[in-house]
1. Between HIS78 and ASP94, with labels modelled 7 Å along Cα→Cβ, what's the label distance in nm to one decimal, could you check?
2. Whose amide H sits under 5 Å from the amide H of LEU75, counting only residues 5 or more places off or on another chain, with H placed in the peptide plane?
3. Roughly how many nanometres apart are two label points built 7 Å out from the Cα toward the Cβ at SER34 and ASP20?
Amino acid sequence: MKKMSPLLCLATDFIDDKIDADTFVDAYMEMWRSNASDFGGGEQWDRADIAGSLYIIADRYCPLEFREDIELWELDEHELKQAVSIFLNSKNSDEAYETWENIRNGK
């Protein structure tokens, strides 16, 4: 079994309530920016793809104090955790996005 990348370990810590949403998003964005060319950490492509998709999800996190003009993809802490959990438990980002959209659309 291959070792998980630091990005995916961070996401797992968030899902396991070891860190809060603000810590997750700040650390994830910093890790992504400083190491974007190696975001998969040697993992299979599908997991690297998930890591890339999690960056997009993390970018949509909107702390409560900034949620006055909420757009479709701006997420609160609960929604972010739900999305990250879906992505971590999906085979690839296509499956994860489909699952996430189905949940958001009440399917």
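Any read-out appearing in this document is the output of simple, stated calculations on the displayed coordinates, not a laboratory observation. Since the structure is predicted, the reported quantities are computational estimates derived from the model, not experimental observations. Don't worry about glycine lacking a Cβ; one is built from the backbone with ideal geometry, like all the others, and counts go over all protein chains shown.
1. Placing both labels 7 Å along Cα→Cβ, they lie 3.3 nm apart.
2. For LEU75, whose amide H was placed from the backbone, the distant partners under 5 Å are TYR61, CYS62.
3. Calculated label separation equals 2.2 nm.
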